[in-house]
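The values are calculated or read from the model by the stated rules, or taken from the named source; none is laboratory data. Bear in mind the structure is a predicted one, so any value in this text is a computation, not a measurement. All Cβ positions, even for glycine, are placed from backbone atoms using ideal geometry, and neighbour counts span all protein chains on display. These area figures cover heavy atoms from the full protein model, side chains too; ligands, DNA and RNA do not enter into them. Shrake-Rupley method; radii C 1.70, N 1.55, O 1.52, S 1.80 Å.
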Amino acid sequence: MTATTPDWVNPLRAADDKRLPQIAGPSGMVIFGVTGDLARRKLLPAIYDLANRGLLPAGFTLVGFGRRTWSKQDFEDYVREAVEAGARTKFREHVWERLAEGAHFVEGNFDEAGFDRLAATLAEMDTTRGTAGNWAFYLSVPPDYFSDVCHQLQRSGLAEAGEDSWRRVIIEKPFGHDQETARELNQVVNAVFPEKAVFRIDHYLGKETVQNILALRFANQLFDPLWNSHYVDHVQITMAEDIGLGGRAGYYDGIGAARDVIQNHLIQLLALIAMEEPVAFEPTELQAEKVKVLRATSPVYPLNKTTARGQYTAGWQGSQPVIGLREEEGFDPESTTETYAACTLQIHSRRWAGVPFYLRTGKRLGRRVTEIAVVFKEAPHQPFTQSQRTSLGQNAVVIRVQPDEGVLMRFGSKVPGSAMEVRDVNMDFSYAEAFTEESPEAYERLILDVLLDEPSLFPTNEEVELSWEILDPILDYWAAQGRPDGYRAGTWGPASADRMLERTGRTWRRP
Ligand code: NAP
């Protein structure tokens, strides 16, 4: 596939300069659910940003599919509004006009008539805009419709690529509700699209810092010798959010924190932190190593001591009083959905035997932060007395995924002065300070990767099924427990989560 250089790209740029992002070849994208929250906030702005950075082909065509009776102009107005509200790059009229030229709306429910209209539109675009039969179908719709959309794509012939063209499908989480439903979903999708044409979005994998885990581990000599059970005491993977769930009952009630975050984002982070070095930095090699480590991962038992779950109650977020989950609009007043989940996992390998991996996530916690802390064992011998090292903890390498992306190393240092006193200090690398280049937004990176057929950052069906296999016993155990423990909004989760670590002589980091 050769990429066509759009006319707003610097013609002097060398086409084979690998340091520059590649430009997608002739193609278009259909968004199902284009009127939804995800499309409006993330997908449409990301597509504009890609166009603005000169990474989309000249004839790029965006087709929105939905139930509105919209004209082309109505759709353009809608997309423009979403772009102006959400794009990260500057709004430039001439870039917008080019994108708008290729913006089309097809009205339809997920029925035959709608898909027949869609098929006719795409055929027309292939000739008028030069999309060359290359289409990505973005399923930004509730998961209950994945099967209908796949079926209609197959029936209408849209799923089938020609000899020199491609068809790809992009699926959003949740990928099932447990291992069984994930398997069923994979069967439905794989009956229509071959696995290499399926791109499952875990937007965390599109974040620069997440990709930097691999650079940190495998481009350096410094970390790998320590990256094992001889030196690592434990690993904490945290995704904390300060927002509540007002307005998200439809999606969240009955799903909960573990399914929403641990099954996908946190288990993927675990795989990247723990996997062996891939033979090459190539999709199949990366995926093979991730699968190996996921196969070796399981919960630590007994689950009443090694897991914790909670549900936020009324409290304070900053200086604002906030309500509890059960009072949030749309939630069942008796809801047993957890908004906080923590678990202990283990990896059965020589490298990680005996090292607990603590994963936690929650809503309405103290602050918004995602980080991975690799916490090292204490030095086997200390020449300093206890009083000389009262504020000395354990060494740690902390990868901050968001906000303020970076890497922090925590180690002991002498406090200046005549007395010998050793205290923890932080050595902090910040992306924003170290690089002038701006990180692309995760969705930008991932959408471009789909168009470029670069699957490294997308979990495979096997990875998805394995992560459910890890989580399912915990979910089954919790399902039998009734209401989760309460925790006040604005705190760091239920007391049971603190006890979970205290039992092992450890504490959660306060990020
Ligand atoms: P949403 O706001 O509820 O939007 C759903 C979209 O699907 C709307 O455009 C809706 O069209 C369309 N739709 C529903 N039933 C339809 C039907 N029968 N025929 C045609 N269109 C239909 O959902 P969302 O938040 O955008 O989420 C979309 C997907 O992304 C879901 O799978 C979700 O789990 C996933 N996701 C979302 C986020 C997020 O931040 N929002 C994050 C991660 C994953 P109408 O406007 O006509 O109702």
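Just to make sure I understand: if all protein chains stay in place, what is the order of Lys377, Lys207 by accessible area at 1.4 Å, largest first?
Lys377, Lys207
Work out the length of the dipole vector of the chain about its Cα centre, built from +1 on the beta-carbon of each Lys and Arg and -1 on the beta-carbon of each Asp and Glu, and round it to the nearest 20 debye.
Computed charge dipole of the chain: roughly 1860 debye.
Rolling a 1.4 angstrom probe over the protein chains, ignoring ligands and nucleic acids, what is the accessible area of Tyr145 in square angstrom, nearest 10?
The accessible area comes out at roughly 90 Å².
Say the dipole of the chain comes from +1 at the beta carbon of Lys and Arg and -1 at that of Asp and Glu; which of Ala314, Ser140, Leu99 then lies farthest toward its positive end?
Ala314
Let's test the formula: R0 of 51 Å, r as the Cβ-Cβ distance of Arg350 and Trp316. What FRET efficiency results, to the nearest 0.05?
0.60
With point charges of +1 on the Cβ of Lys and Arg and -1 on the Cβ of Asp and Glu, referenced to the Cα centre of the chain, which listed residue (Gly114, Met125, Leu269) lies farthest in the positive direction of the dipole?
About the Cα centre, the residue reaching furthest to the positive side is Leu269.
What Rg and what Dmax come out for the range 418-485 when only alpha-carbon atoms are used, in angstroms?
Considering the range 418-485 through its Cα atoms, Rg and Dmax are 22.1, 62 Å.
Report, to the nearest whole %, how much of the accessible area of the range 11-172 belongs to carbon and sulfur atoms, 1.4 Å probe, protein only. Please list the in-between numbers first.
Details: 3430 of 7370 Å².
Roughly 46 percent, rounded to a whole number.
If you average the sequence gap of Cα pairs under 8 Å that are 6 or more apart and divide by the length of the range 11-172, what percent do you get for the contact order? Walk me through the numbers on the way to the answer.
On the way: 242 pairs, mean separation 45.3, N = 162.
So the answer I get is 28 percent.
Lys363: which lysines have alpha carbons under 23 Å from its alpha carbon, excluding same-chain residues fewer than 8 sequence positions away?
Straight-line reach from Lys363, under 23 Å: Lys42, Lys173, Lys207, Lys305.
Could you tell me which residue out of Met500, Ile23, Gln394 lies farthest along the dipole of the chain toward its positive end? Charges go on the beta carbon: Lys and Arg +1, Asp and Glu -1, centred on the Cα centre.
Gln394
Roughly how compact is the range 131-214, stated as its Cα Rg over 2.2 N^0.38 Å to two decimals?
Here the Cα radius of gyration is 1.19 times the empirical estimate.
Taking all pairs of different Cα atoms in the range 11-172, averaging 1/r and flipping that mean, what Kirkwood radius in angstroms comes out?
It is 16.2 Å.
So if I take the alpha carbon set of the range 385-507, get Rg, then get Rh from the Kirkwood formula, what is the Rg over Rh ratio?
Across the range 385-507, the Cα-based Rg/Rh ratio is 1.09.
Using a 1.4 Å probe, what is the accessible area per residue for the range 205-502, in Å²?
Roughly 43 Å² per residue, with all protein chains present.
Per Stokes-Einstein, at 25 °C and 0.890 mPa s, what whole-number D in µm² s⁻¹ belongs to the chain, with the Kirkwood radius over Cα pairs as the hydrodynamic radius?
100
Given the alpha-carbon gyration tensor of the range 172-292, what are the semi-axes of its equivalent ellipsoid in whole angstrom, ordered largest first, with each equal to the square root of 5 times an eigenvalue?
Values: eigenvalues 163, 90, 31 Å².
So the equivalent ellipsoid measures 29, 21, 13 Å along its semi-axes.
How far is it, in nm, from the label point at Arg503 to the one at Asp178 when both lie 7 Å from their Cα along the line to the Cβ?
Output for this residue pair reads 2.3 nm.
Please give, to one decimal in nm, the separation of the simple spin-label points placed at Gln211 and Arg68, each 7 Å out from Cα toward the Cβ.
Here the answer is 3.2 nm between the modelled labels.
Compute for the range 224-285: radius of gyration divided by Kirkwood radius, i.e. Rg/Rh, restricted to C-alpha atoms, rounded to two decimals.
Rg divided by Rh gives 1.12.
Please report, in cubic angstrom per residue, the volume enclosed by the convex hull of the alpha-carbon atoms of the range 205-502.
Roughly 169 Å³ of hull volume per residue.
Given contacts defined as C-alpha pairs under 8 Å and at least six residues apart, what's the relative contact order of the chain, whole-number percent?
Relative contact order for the chain comes out at 16 percent.
So what's the convex hull volume per residue for the Cα atoms of the range 180-236, in Å³?
158
Label Phe223 and Ser456 with points 7 Å out from Cα along Cα→Cβ: what is the distance between them in nm?
Rounded to a tenth, the inter-label distance reads 1.5 nm.
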